[in-house]
Amino acid sequence: LMMTVPTPLPPPVDDEVLEMLASLQEPGEPDLLVELVTLFLRDTPARLRELEPRPLVAGPTARVAHAVKGSAGNLGATYM
């Protein structure tokens, strides 16, 4: 009986993306990273609730999936 070792998951957030976002921070301005994460956390639950109705309709489902994937990717959460 052979045992397979599970492949470790990548980190939840890409540090390089966070560093790039931090480099865009202007002195004296509100924290850009905090604002982006806040927007993601505020908007994503409502987007995901759009996927609750059954049956799912391909067009709207693809739109929601694309929007969530893009938002997550912008924050470095590419595995999501």
Which numbered condition trips up Arg42, out of (1) exposed (fewer than 10 other Cβ atoms within 10 Å of the Cβ); (2) modelled with pLDDT under 95?
(2)
Number of the condition not met by His66 [criteria: (1) out of contact with any Ser or Thr (no Cβ under 7 Å at 6 or more places or on another chain); (2) open to solvent by less than 50 Å² (accessible area, probe 1.4 Å); (3) not in a loop (DSSP other than H, G, I, E, B)]
(2)
When the residues of the stretch 1-31 are narrowed to those that are open to solvent by less than 80 Å² (accessible area, probe 1.4 Å) and of a type in the set (A, V, I, L, M, F, W, C), which ends up nearest to Tyr79 (Cα to Cα)?
Val13
Listed by first then second residue, the pairs whose first member lies in the stretch 34-47 and is within 10 Å of Ser71 (Cα to Cα), whose partner is in a helix (DSSP H, G or I) and open to solvent by 60 Å² or more (accessible area, probe 1.4 Å), with beta carbons under 9 Å and at least 6 positions apart or on separate chains, are Leu36/Asn74; Phe40/Asn74
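Which ones in the stretch 48-80 are aliphatic (A, V, I, L, M), without any contact (Cβ under 8 Å) to a residue 40 or more places away in the chain and under 16 Å from Leu21 (Cβ atoms)?
Narrowing the stretch 48-80 to residues aliphatic (A, V, I, L, M): 48, 51, 56-58, 62, 64-65, 67-68, 72, 75, 77, 80.
The next check asks that each one be without any contact (Cβ under 8 Å) to a residue 40 or more places away in the chain; those that pass are 48, 51, 56-58, 62, 64-65, 67-68, 72.
Within the stretch 48-80, just Ala72 meets the criteria.
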Tell me yes or no: at least one residue of the stretch 49-60 is of a type in the set (Lys, Arg), modelled with pLDDT of 95 or more and either open to solvent by 90 Å² or more (accessible area, probe 1.4 Å) or touching a Leu at 6+ places or on another chain (Cβ under 7 Å) (or both).
no
Filtered residue count, the stretch 48-80, keeping only those that are over 25 Å from Leu9 (Cα atoms), within 17 Å of the chain's Cα centre (by Cα) and among the charged types (D, E, K, R):
3
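The values are calculated or read from the model by the stated rules, or taken from the named source; none is laboratory data. It should be emphasised that the depicted structure is a prediction, and the values quoted were computed from it without experimental measurement. Positions of Cβ are backbone-derived with ideal geometry, glycine not excepted, and every protein chain shown enters the neighbour counts. What goes into the accessible areas is simple: the full protein's heavy atoms, side chains included, and nothing from ligands, DNA or RNA. Shrake-Rupley method; radii C 1.70, N 1.55, O 1.52, S 1.80 Å.
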